[in-house]
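Shown next, in structure tokens, is the structure this report addresses.
Readers should treat all values here as calculations from the given coordinates under stated rules, not as data from a laboratory. Keep in mind that this is a model prediction, so the values were computed, not measured. Positions of Cβ are backbone-derived with ideal geometry, glycine not excepted, and every protein chain shown enters the neighbour counts.
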Amino acid sequence: MKEQTFLVSDETKNSYGFRVLTSGIDTEQFERNPIMLFMHDRKRNVIGRWENLKKNGDKLYADAIFDTNDPQGKLIADKVENGFIKSASLGIEVLEQQGDLITKSKLHEISIVDIGSNKNALKLYNEKEIKQLFFNLNNENMSLLESLIALLSLETNATEEDVLKKVEELTEKEKKQLEGQKTVKQETLNLAVSVGKITADMLPQFSKMLDLDFEGTKKLLNQIPKKVNFFSMIKNPKITDRKENKSGKAKSHWNLEDYRRFAPNELERDPELYKSLLDQNYNH
């Protein structure tokens, strides 16, 4: 893969209405461990490192070195190589600020991002600093509060407290969604192993793939043929039918747990049935 040089920061005003002074970025700590993340997400693996960090006037450049031995690192590297992803952004801690200009900051990481200058294009690491940056407003950056109010669909007379409350609500909602997605991911992996589509030692790799592209990886898993135990089929083809009578209720009223206990083979044979029952289970 050819060398990929990124412009990771300059002093233009971003979509939040503030600027970062390039000369005020402290890179000393970062250069001792120049990690590369994807979308500022530390829960995912480090996907590479940065080299040749250099300031040129008001711009900060760095060369991306991807970890192609890591599945996610290789995937992102390919997207960069083929021109599908072109942006990088800083993860900084604010040290000093004057109006809309961050005059001193500490660099913690640099991420590859899908869209530069959006709400993830400059990630701050300290909640106190976030509140200071967004809500320590004066006449120079009052439009920032107005932008946040519009972004969150609040009333035009909303206060800083209203904005914070809305952000907390959205954060909690996202947390619950992530927990639900984690459960669905585990169910998907468990089913793939149980029907012989993948082996247990492949779980870490497919787990990372699902984190990066859930629908695409799920489609891939569906295309992998199941391991068939022909001896079991010949010896006892009606085992599922005998278990059905033990449930004590009509099959039309079965839920996911009933199928797991009394007719697991049907879940293996019918992925759409499994998906329908899984959706039903986590929507209640």
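Modelled this way, with points 7 Å down the Cα-to-C-beta line, the labels at Gln98 and Arg32 are 2.9 nm from one another.
Here Leu152 and Arg261 are evaluated by their C-beta separation; at R0 = 51 Å the FRET efficiency comes out at 0.70. Among 32-39, 45-52, sorting by the average number of other beta carbon atoms lying within 10 angstrom of each residue, highest first, gives 45-52, 32-39. Annotation for Lys173 and Ser276: the two label points, set 7 Å from Cα along the Cα-Cβ direction, are 3.0 nm apart.
The stretch between Ile224 and Val193 holds 10.0 nm of extra length on full extension. This uses 0.36 nm per residue minus the Cα-Cα distance.
In terms of packing, defined here as the mean over residues of other Cβ atoms within 10 angstrom, the peptides 103-111, 165-173 line up highest first as 103-111, 165-173. A simple spin-label model places pseudo-atoms 7 Å from Cα toward Cβ; at His253 and Lys55 they are separated by 7.2 nm. In this structure the amide hydrogen of Ile102, modeled in the peptide plane, comes within under 5 Å of the amide hydrogens of Arg19, Val20, Leu21, none closer than 5 places in sequence on its chain.
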